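The values are calculated or read from the model by the stated rules, or taken from the named source; none is laboratory data. Remember, predicted model here, so these are calculated numbers, not experimental data. Here the Cβ positions follow ideal geometry from the backbone for every residue, glycine too, while neighbour counts run over all protein chains shown. Side chains included, ligands, DNA and RNA excluded: accessible areas come from the protein's heavy atoms. Shrake-Rupley method; radii C 1.70, N 1.55, O 1.52, S 1.80 Å.
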Amino acid sequence: MAMIYETAEDWRAAPHKRVMLFGMSGLGKTHVSTLLRDSGEWFHYSVDYRIGTRYMGEHIADNAKAHAMKVPFLRELLLSDSIYIGSNITFHNLAPLSTYLGKPGDPDKGGLPFEEYMLRQAQHREAEIAAMRDTAHFAARAVRLYDYPHFVCDTSGSICEVCDPFDPADPLLAELSETALLVWIKGSDDHTEELIRRFDRAPKPMYYQPDFLHSSWAAYGEETGTAPEKVDPDAFVRWTYAKALAHRQPRYEALARRGVTVTADAVAAVRSAEEFNEMIARALEAR
């Protein structure tokens, strides 16, 4: 499949540069996107922000209201429209979305029934696909409405879960490839170990493919001998996370064949939009 920039010369000469950054969360997608936005010439489209506001916002708010309705004082205020409950999600604070997705397991430890957890996972899948399909609209809108010449799409770490990177005719990837240059931020083994340590310190909800989750849930139960309603939610997601990194790696690699690859270390060293442009040009030359 052809890329919108085939050579470094194409990239350097392009009056409108469009990139889509993908890779595991924590490797620099949002960092470099923010740097580009702050340069004044790049529009930053955050897929996670779009998911949490446009497509999951009502689910998030309703969940918060359901908890508030259990408190008599708040219940009366809500029923009389005296207070308003909403999420304050931002590019750098996705806690409302993560909290809504939740973790399966013991309700006394904040866990969700596995069926409810899978329902919320399915909602996220549909929301992420819809948000990814909005990319072309926002790329055009950035120029038309805001007069930004360049565009960066900051994807969710689970992009490789909602498309089929191994299918040359995957419709979502075909659409995205026509809009922006796909750029994989690839981590090293050291990065992977650090991501696992970071996740172990503060486990957070994530999106996974249904088959992967079902098999992980069953395997965890067999390995630990724990009844579903007694599973420690944090222990399960910790156990699952390292397996998810291994699961995603070949999917990211397949996705990267449609674009270019840069290292997480190279991204961390970028200090300006000009340095970012040169990094992408070198990646195109090395392809």
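Structural remarks
- Charge sum, other residues only, whose C-beta stays under 13 Å from Ala281's C-beta, Lys/Arg counted +1 and Asp/Glu -1: -3
- Remark: relative contact order (segment 136-287) = 34 percent; criterion is Cα-Cα distance under 8 angstrom and separation of 6 or more residues.
- Carbon and sulfur %, accessible surface of the chain computed with the full protein complex present, 1.4 Å: 52
- Think of the chain as having a plus end and a minus end, set by charges on the Cβ of Lys, Arg, Asp and Glu; of Pro149, Val237, Asn277, Pro149 sits farthest toward the positive end of this dipole.
- In the chain, the longest principal axis of the Cα atoms and the axis of helix 135-144 are about 60 degrees apart.
- For segment 14-91, GluC sites (Glu not before Pro) meeting the loop criterion (DSSP other than H, G, I, E, B) and having at most 15 other Cβ atoms within 10 Å: Glu41.
- Summing +1 for each Lys or Arg and -1 for each Asp or Glu among the other residues whose beta-carbon sits under 12 angstrom from that of Arg12 gives -3.
- Among (i) 23.3, 78; (ii) 25.5, 81; (iii) 20.3, 65, the entry derived from the coordinates for Rg and Dmax of the Cα atoms in Å: (iii)
- Residue among Ser39, Ser80, Ser158 with the largest mean-square fluctuation in a Gaussian network model of the chain, springs linking Cα atoms under 10 Å: Ser80
- Here is the list for segment 56-123: trypsin sites (Lys or Arg not before Pro) lying in DSSP coil, each with at most 13 other C-beta atoms within 10 angstrom of its C-beta, are Lys70.
- Once exposed loop chymotrypsin sites (Phe, Trp or Tyr not before Pro) are cut out (DSSP; at most 12 other Cβ, 10 Å), longest piece of the chain: 167-287
- Taken per residue, the accessible surface of segment 81-220 reaches 47 Å², heavy atoms only and a 1.4 Å probe.
- Put a plus charge on the Cβ of each Lys and Arg, a minus charge on the Cβ of each Asp and Glu, and nothing anywhere else: the dipole of the chain about its Cα centre is then about 400 debye.
- Label reach from Ala242 (point 7 Å along Cα→C-beta): in segment 172-204, amide nitrogens under 13 Å belong to 192-201.
- Evaluated over segment 154-239, the Cα radius of gyration and Dmax, each in Å: 16.5, 48
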